[in-house]
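Visitor: One structure, as C-alpha cells, below. Some questions next.
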Amino acid sequence: MIFGTQTSPYLHAQLSVGQVMAQVIYALVPGTLVLLGWFGWGVVTNLLLSLSLALLLEALMLKLRQRPLALFLTDYSALVTGWLLAVALPPYSPWWLILIALVFALVIGKHLYGGLGYNPFNPAMVGYAAVLVSFPIEMTRWPNPELTSMAQLSFEQTLQQVFLGGLSYWDGLTQATALDTIKTHLRLGETVSQISQGSQFGWLAGHGWEWVSLAWLAGGLWLLYQKIISWHIPLALIGSLTGMALIFWLLNPESYSSPLFHLLSGATLLGAFFIATDPVSASTTPLGKLLYAGGIGCFTYIIRVWGSYPDAIAFAVLIMNMAVPLLDTYTQPRVYGTKGRFGS
Amino acid sequence: MSAEHPYREIAFNGLWQNNPGLVQLLGLCPLMAVTTNAINGLGLGIATLMTLAITNLLISLLRPFIREEIRIPAFVLIIASTVTAIELLIHAYFFELYAVLGIFIPLIVTNCIIIGRAEAYAAKHPPRYAWLDGAMMGLGFALVLVALGAIRELLAQGTILSQAQLMFGEAARGLTLQLSADFKGLLLAALPPGAFISLGFLVAGKNYIDQRRAKRTESTTLLKSVSATE
C-alpha cells in the first residue's frame, strides 16, 4: 500500500506497509539474539513456531475473508505480531499455548475487526493477555537464564518440552523473574535492598534481563533514527513510568524499587518502542500520542506495584487502546489558516 | 404476522427470527453472569421461560382493567409477584441450584425481555397468543443460555453437563461428559470476556445461517421467475 503525496510542501518517504514492518523486524533482531543467548533453544522454537503459525493463520483468515493472499502476506504485519508474541511468551512455551495466543491475536484481535488497519487493539497484546489470563502456570514459567543457555539444554530436550511437555526436571529450570520476586517478597515484609541480594538480580535489574532490555533499546533507537516511529510514544511511556517510580522511590526507597529497575525490567523497553508504537492501534496526533503513552506508563506502574500481576505492559496497552478514539477526536491539531480546533 | 399460521409464526419469531438472546440482545447481564456452565444456564433459562409465559398471560388477561397511563407500574407489579413466586418455588425444591443462581433469580424482575414482551406484545394481543409468545421467547432465551453455557463450560473445564445433579437429582451425576483428563482448560472462557466473545460467535453463526437462507430463497425465486417467463 503506497500513500500518495498530495500537496507540494510535504516530502514523503513513500514507505509501504511491508517496508515499515520489515524495518521493525530488523530492529527486533538484536533483542531477540540477546534473549537467545540467555535463554537458549526455547527462544528459537518460540520464534519458529510463532512465525509459521502466524503466516498460516493469516493466510487462512485472508482466504476465508476472500482477500488477496500475496498482497497481504507480504506486508509482514502478521510476522511482526508473531515475532512480538514469540519474545513476549516464556521461552520453551508448549506449541498449543503459542497457537491459542496467535488465534486470539490474529483471528479475534485482527481479522474479526476487519484486518490490518481496522483493529482497535494491538493484536499481539490481545493474544498475550488472553493466554496470560487463561494459563497462569504456563505463563509464569520463565526459565532461569543461568540454567537454560544453549550449552545447558539441548535442542532435542527443547523439542520434547515444546511438543510433548513434561521435561522431568522442568520445575528446577524455572525461576521467578526479578519483578515477580520483588512483588512477592515485598508482601512478606522484606525491604528492596534485602530482596536485591537474590541471585535473580544483576547490576541494574533482573540478571540477564537487563541486557535483553538494553538490546530492545538499541533496536528502538534505530527505529527512531530510521523515522519509522516518532519520539512521542517511547518518550512519554518511559517518562511517565520513570516519573511515577521516582516519586515513590524518593518517598520510600525500601518499599519501592528504583526507576532504573522499572525501566530495565520486564517488557518496559520492548513495550515502549515496539508494542505501544503500533501505528494502527496507537493514537495518531502528537498530543494524543503523548497522552496515550503516558497513560500506558502510569497504568504499568500502578499494576506492577499494586496489582496482582508482576508486569503490565500488555494490560496497560489494551486499556489505553480503548481510549485512542477519544484521544484522537479531542487532540486534533488546528488546521493551518483556521481558528479553533476541528478545522471549524 | 401471517393470518394462516399465527402460532407457528409466534414460535418461529421467539425461537429464531427475533430471539431475545441473539437478535434483541436483551437480558445480557444474566446471560453473561450465569452461563459459566450448561446447567446454570438451563436453570435460569427455565425460570425466565416460566416467568415470561405467566406474566404475558396475566398481562394479556388483565389488559381491559389496566389504565393506559399507569400500565408500566402495573406490569412491574405483576412481574415482580410472579418472579417472587418462582423464586420461592426454586428455593423450596432446588435449593442447591438456588444457591448457585443466587441474586439472578430475583433479578429476572429487571430483565428487559419480560417488560419488553409485556409492553410490545402481551398488552396488545389476546391471551391465547400472548402466553405462547412469552413461552417461545423464554424458550429461545433458554436455548441461548444453555448453548452459551455449554460452550463456555467445554472450553473452560473440558466438561459438559457438570453439576447435573443440581437440577435432576443424584441419579443425573453420571450425565457429565468429561474430555481427556489432561485438558488444561481455557480459563478465559469462564470469565466475562469469554462470555462476550462466545456470544459474539453465536450471533455471527446465526447471521451466517440467515444470510445463506436468504441467498438460497433469492436464487430459487429467481429460478421460478425465469422458468415462468419461458
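Visitor: Answer yes or no as to whether A:V212 is within 14 Å of chain B (Cβ to nearest Cβ), among the aliphatic types (A, V, I, L, M) and under 18 Å from the mean Cα position of the chain (by Cα).
Guide: When the stated conditions are applied, A:V212 does not pass them.
Visitor: Considering only the stretch A:123-138, I want to know if a residue exists there that is crowded, with 18+ Cβ neighbours inside 10 Å, in contact with a helix residue (DSSP H, G or I) (Cβ under 8 Å, 6 or more places away or on another chain), away from chain B (no Cβ under 14 Å) and at pLDDT 90 or above.
Guide: Among the residues of the stretch A:123-138, at least one is crowded, with 18+ Cβ neighbours inside 10 Å, in contact with a helix residue (DSSP H, G or I) (Cβ under 8 Å, 6 or more places away or on another chain), away from chain B (no Cβ under 14 Å) and at pLDDT 90 or above, which makes the answer yes.
Visitor: Which of the numbered conditions does A:G82 fail, given that it passes all the others? Conditions: (1) at pLDDT 90 or above; (2) farther than 25 Å from A:V317 by Cα.
Guide: (2)
Visitor: List the residue pairs whose Cβ atoms are under 9 Å apart, where the first residue sits in the stretch B:186-204 and is at the interface with chain A (Cβ under 8 Å from one of its Cβ atoms) and surrounded by fewer than 20 Cβ atoms within 10 Å (Cβ to Cβ), the second is assigned to a helix (DSSP H, G or I) and among the polar types (S, T, N, Q), and the two are 6 or more positions apart or on different chains.
Guide: B:L187/A:S134; B:L191/A:S134
Visitor: Just one of A:S199, A:S154 is surrounded by fewer than 22 Cβ atoms within 10 Å (Cβ to Cβ), more than 14 Å from every other protein chain (Cβ to nearest Cβ) and touching a His at 6+ places or on another chain (Cβ under 8 Å); which is it?
Guide: The unique qualifying residue is A:S199.
Visitor: Considering only residues that are surrounded by fewer than 20 Cβ atoms within 10 Å (Cβ to Cβ) and not in a helix (DSSP H, G or I), look in the stretch A:157-182 and name the one that is modelled with the lowest pLDDT.
Guide: A:S168
Visitor: Moving on. Looking at the structure I just gave you, is B:E68 of a type in the set (D, E, K, R) and at pLDDT 90 or above?
Guide: Details: of a type in the set (D, E, K, R): yes; at pLDDT 90 or above: no.
Taking the combined requirement at face value, the residue does not satisfy it.
Visitor: For B:K124, which of the numbered conditions (1) farther than 15 Å from B:N40 by Cβ; (2) assigned to a helix (DSSP H, G or I); (3) out of contact with any Phe, Trp or Tyr (no Cβ under 6 Å at 6 or more places or on another chain) fails to hold?
Guide: For B:K124, the exception is condition (2).
To keep it simple, each residue is scored yes or no on (1) over 19 Å from B:F12 (Cα atoms); (2) acidic (D, E).
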| residue | (1), (2) |
| --- | --- |
| B:G45 | no, no |
| B:F65 | yes, no |
| B:A74 | yes, no |
| B:I79 | yes, no |
| B:E96 | yes, yes |
| B:F104 | yes, no |
| B:I108 | yes, no |
| B:I113 | no, no |
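Visitor: If A:F39 passes every condition in (1) surrounded by fewer than 23 Cβ atoms within 10 Å (Cβ to Cβ); (2) at pLDDT below 90 but one, which one does it miss?
Guide: Going through (1) surrounded by fewer than 23 Cβ atoms within 10 Å (Cβ to Cβ); (2) at pLDDT below 90 one by one, A:F39 breaks only (1).
Visitor: Hey, any hits in the stretch B:128-148 for a residue that's within 14 Å of another protein chain (Cβ to nearest Cβ) and modelled with pLDDT of 90 or more?
Guide: no
Visitor: Identify, please: which residue in the stretch B:148-183 is among the hydrophobic types (A, V, I, L, M, F, W, C) and touching a residue at least 60 places away in the same chain (Cβ under 8 Å) and is, among those, nearest to B:N13 (Cα to Cα)? Walk me through it before giving the result.
Guide: First, the residues of the stretch B:148-183 that are among the hydrophobic types (A, V, I, L, M, F, W, C): B:148, B:150-151, B:154-156, B:160-161, B:164, B:166-168, B:171-172, B:175, B:177, B:179, B:181, B:183.
Restricting the remaining residues to those that are touching a residue at least 60 places away in the same chain (Cβ under 8 Å) gives B:148, B:150, B:156, B:160-161, B:164, B:166-167.
Values: B:L148: 20, B:A150: 24, B:A156: 32, B:I160: 29, B:L161: 28, B:A164: 30, B:L166: 31, B:M167: 28 Å.
Restricting to residues being among the hydrophobic types (A, V, I, L, M, F, W, C) and touching a residue at least 60 places away in the same chain (Cβ under 8 Å), the top hit is B:L148.
Visitor: List every residue pair whose Cβ atoms lie under 6 Å apart, where the two residues are 6 or more positions apart in sequence or sit on different chains, the first residue falls within the stretch A:91-120 and is more than 12 Å from chain B (Cβ to nearest Cβ), and the second residue, located anywhere, is acidic (D, E).
Guide: Going by the 6 Å Cβ cut-off, the qualifying pairs are A:L106/A:E58.
Visitor: I'm checking my understanding of the structure. Among residues of the stretch B:86-107 that are among the aliphatic types (A, V, I, L, M) and loosely packed, with under 12 Cβ neighbours inside 10 Å, which one is nearest to the chain's Cα centre (by Cα)?
Guide: So the first thing to find is which residues in the stretch B:86-107 are among the aliphatic types (A, V, I, L, M), and the list is B:86, B:88-90, B:92, B:97, B:99-101, B:103, B:105, B:107.
Cutting the leftovers down to loosely packed, with under 12 Cβ neighbours inside 10 Å gives us B:92, B:99, B:103.
Numbers: B:A92: 23, B:A99: 21, B:I103: 18 Å.
Per the stated criteria, the residue is B:I103.
Visitor: Could I ask something else about it? Take the conditions out of contact with any Gly (no Cβ under 9 Å at 6 or more places or on another chain), more than 14 Å from chain A (Cβ to nearest Cβ) and loosely packed, with under 11 Cβ neighbours inside 10 Å and apply them to B:E170. Does it pass? Walk me through how you get there before you give the answer.
Guide: Values: out of contact with any Gly (no Cβ under 9 Å at 6 or more places or on another chain): yes; more than 14 Å from chain A (Cβ to nearest Cβ): yes; loosely packed, with under 11 Cβ neighbours inside 10 Å: yes.
In short, yes.
Visitor: Quick test of your reading of the structure: A:V335 fulfils all but one of (1) part of a helix (DSSP H, G or I); (2) more than 22 Å from A:L116 (Cβ to Cβ); (3) of a type in the set (V, I, T). Name the failing condition by number.
Guide: All conditions pass for A:V335, except number (1).
Visitor: Same structure again: Inside the stretch A:216-252, can you point out the residues that are among the hydroxyl-bearing types (S, T, Y) and touching a Pro at 6+ places or on another chain (Cβ under 7 Å)? Walk me through it before giving the result.
Guide: Filtering the stretch A:216-252 down to residues among the hydroxyl-bearing types (S, T, Y) leaves A:225, A:230, A:240, A:242.
Result: A:T242, single match.
The values are calculated or read from the model by the stated rules, or taken from the named source; none is laboratory data. This is a predicted model, so every value here is computed, not measured. Glycine also receives a Cβ, built like all others from the backbone with ideal geometry; neighbour counts cover every protein chain displayed.
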